[in-house]
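Here's the structure, in structure tokens; my notes come after.
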Amino acid sequence: MNLPRDPRLDDPEWLRRKYWEAGLTTGEIAADIGGPCTQAMVQKAMIRLDIPRRPPGRRPVIDGATRGASADLSTSQTRLLAEYEEWLKSRGYSYTTVYGRVRAGRKILRAYPRGAPTKGDALDALAPADRYSRGTRNAARTIVHSFYEYLESQGAL
């Protein structure tokens, strides 16, 4: 049984914007479309429409790590993440570390839109104790510490 294809999968400009400009993965695009759309359907549409793919691995930071996925954050929160990204880069963190930490900062800000939570609440937003191992929680604790170090250096707390 073939399901009808979402018309957005036939729109090369829309797909290109989502994938290249917003930096979404094919799975995130499928989730954005919703319904019966799958990651494989998005990948096939990209092949059919001759939209080139990014290399495998972690997503690159496209015009700052705060692109695309920050649409649900306020302007000040988006600016804070962009400044946090620059702060991490100035400290010599690798590309992958910068991206991961900004993404974690975004997750914390989404979980607590009205203001900065305590470090313990931020840790629970990243890695709830009932769902993650001690090692994962320790890694998340390091990320939370870095985010709060930045917030404290900017007088944001």
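FYI, it's all coordinate maths here, none of it is from the lab. What you see is a predicted model; the values in this text were computed from it and never measured. Positions of Cβ are generated from backbone atoms using ideal geometry, with glycine treated the same way; all protein chains shown enter the neighbour counts.
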* Structure fact -> The summed charge of the Asp10 Cβ neighbourhood (under 14 Å; Lys/Arg +1, Asp/Glu -1) stands at +2
* Structure fact -> At 20 °C in a medium of viscosity 1.002 mPa s, the chain has a Stokes-Einstein diffusion coefficient, with Rh taken as the Kirkwood radius over alpha carbon pairs, in µm² per second, of 124 µm²/s
* Structure fact -> The extension gain from Gln39 to Glu149, computed as 0.36 nm times the residue separation minus the Cα-Cα distance, is 35.9 nm
* To do: Under a cut-off of 18 Å between alpha-carbon atoms, report the lysines in cross-link reach of Lys119, not counting same-chain residues fewer than 8 places apart.
  => Lys107
* Which FRET efficiency, nearest 0.05, do Arg110 and Glu86 yield, Cβ-Cβ r, R0 22 Å? -> 0.60
* Tabulate in residue order the Karplus-calculated ³J(HN,Hα) for the range 131-140, using 6.51 cos²θ - 1.76 cosθ + 1.60 with θ = phi - 60°, rounded to whole Hz; enter x for Gly and Pro. => 10, 10, 6, 4, x, 5, 5, 5, 5, 5
* **Reach of Lys44 by Cα under 21 Å, taken over lysines that are not fewer than 8 positions away in the same chain** => Lys18
* **Spin-label pair Tyr93/Arg79, simplified geometry with 7 Å Cα→Cβ offset, distance in nm** => 2.1 nm
* With labels modelled as points extended 7 Å from the Cα through the Cβ direction, what inter-label distance (nm, one decimal) is found for Arg48 paired with Ala31? -> 2.4 nm
* Asked: How big is the Cα convex hull of the range 75-153 in projection, averaged over all directions, in nm²?
  -> 5.1 nm²
* Using a basic spin-label model with each label point 7 Å from the Cα along Cα→Cβ, how many nm lie between Lys119 and Thr136? -> 2.2 nm
* Per-residue HN-Hα couplings for the range 85-92, Karplus 6.51 cos²θ - 1.76 cosθ + 1.60 at θ = phi - 60°, whole Hz, x for Gly and Pro? -> 4, 5, 4, 5, 4, 5, 8, x
* Structure fact -> Counting sequence-distant residues (5 or more places) and residues on other chains, those with an amide H built under 5 Å from that of Ile51 are none
* Once phi is turned into θ = phi - 60°, what whole-Hz ³J(HN,Hα) does the Karplus curve with 6.51, -1.76 and 1.60 give for every residue of the range 6-13, x standing for Gly and Pro? -> 5, x, 5, 6, 9, 9, x, 5
